1. Taking 0.36 nm per residue of separation and subtracting the Cα-Cα distance, what length does fully extending residue 179 through residue 250 add?
2. Between residue 147 and residue 88, what is 0.36 nm times their sequence separation minus the Cα-Cα distance? Round to one decimal in nm.
3. How many nm is it between the label spots at residue 212 and residue 64, if each spot is 7 Å from the Cα in line with the beta carbon?
4. With each pseudo-label sitting 7 Å past Cα toward Cβ, what's the residue 97-residue 72 distance in nm, one decimal?
5. Residue separation times 0.36 nm, minus the C-alpha to C-alpha distance between residue 243 and residue 203: what's the value?
6. Once label points are set 7 Å from the Cα along Cα→Cβ at both residue 261 and residue 159, what is their separation, rounded to one decimal in nm?
C-alpha cells in the first residue's frame with residue numbers, strides 16, 4: 001500500500017502540483033483583497049455616517065462664559081488675540097481627532113448661539129414689520145409676518161451653508177468636515193443680522209454703516225475659520241495660495257449682499 005502511494009506521488013505530474021498551489025495562493029489573495037474592500041467600504045460608510053449624523057448634543061454643550069466669548073469672536077473677530085485652532089481632546093494620538101466641546105474651547109462650533117440668534121432675528125423682523133404698519137407693533141402684527149421672515153431666514157441660512165460647503169469643496173476640503181459644523185458656522189450670520197435689525201429699530205440712519213461693518217466682521221470670521229479647517233481638519237486642500245485667496249475673498253464678499261438681504265425687512 002505504501003509502495004502504491006509512493007508510486008502515485010512519484011508519477012503525479014509537476015504541472016498539476018504547481019497549478020494546485022497557484023490556485024490556493026490565488027484564493028488566499030482574493031480573500032485578502034475582498035477583506036480589504038470590505039474594510040474600506042465599512043470605513044467609507046462610517047465616515048459618511050459621522051459626517052451627516054454626528055452627535056447633536058456636542059453642539060449644545062455651552063456655558064455663559066463660552067457664549068460671551070464666542071459672541072465677541074463673531075462680532076469682533078479682528079480683536080481675537082488668541083489662536084484660531086480647536087483644542088484636541090486627549091493626547092491626539094488617535095487616527096481621528098476628537099475635539100473638546102464648546103464650553104471648553106471658544107473656537108469650537110456650537111448650535112446654541114445660531115439657533116438663539118435665528119430666533120432673535122425672526123422676532124426683531126416681526127417688530128420691524130409691525131412698526132412699518134402705522135407704527136403699531138401688535139396692532140397689525142400677524143403670525144403670517146413671522147412665517148415670512150422665518151422662511152426668509154431659513155433660505156439665507158441654507159444659502160450660507162451651500163456657500164461654505166462649496167468653498168471647502170473647491171479648496172479640496174469637501175466631505176471631511178461634519179455637516180453640523182458647517183451649519184453652525186453658517187448660522188453665526190444671524191448674530192450680525194440681529195444687530196443690524198436692532199440698529200434699525202432705534203435709528204435707521206446707521207443701518208447701512210452697521211450692515212457693512214457686520215458684513216466685514218462675518219467675512220473675517222469665516223475666512224479665519226476656513227483657513228483653520230483647511231490646515232488642521234481636512235486630509236488635503238488646495239495649496240495654490242492665489243486660488244485659495246480668491247475663493248476666500250469671494251466667500252467674504254458674499255456676506256455683504258447676504259447681510260443686506262437679511263436686514264431689508266419692511267423696506
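Bear in mind that the values in this text are calculations on the coordinates, not laboratory data. Keep in mind it's a predicted model, so treat the numbers as computed, not measured. All Cβ positions, glycine included, derive from the backbone under ideal geometry; neighbour counts span all protein chains shown.
1. Details: separation 71, 0.36 × 71 = 25.56 nm, distance 2.13 nm.
Extra length available between residue 179 and residue 250 comes to 23.4 nm.
2. On the way: separation 59, 0.36 × 59 = 21.24 nm, distance 4.05 nm.
That pair, residue 147 and residue 88, stretches by 17.2 nm at full extension.
3. For the pair residue 212/residue 64, the computed spacing is 3.8 nm.
4. Each label point lies 7 Å from its Cα, and together they span 2.4 nm.
5. Numbers: separation 40, 0.36 × 40 = 14.40 nm, distance 4.05 nm.
Gain on extension, residue 243 to residue 203, equals 10.3 nm.
6. 0.1
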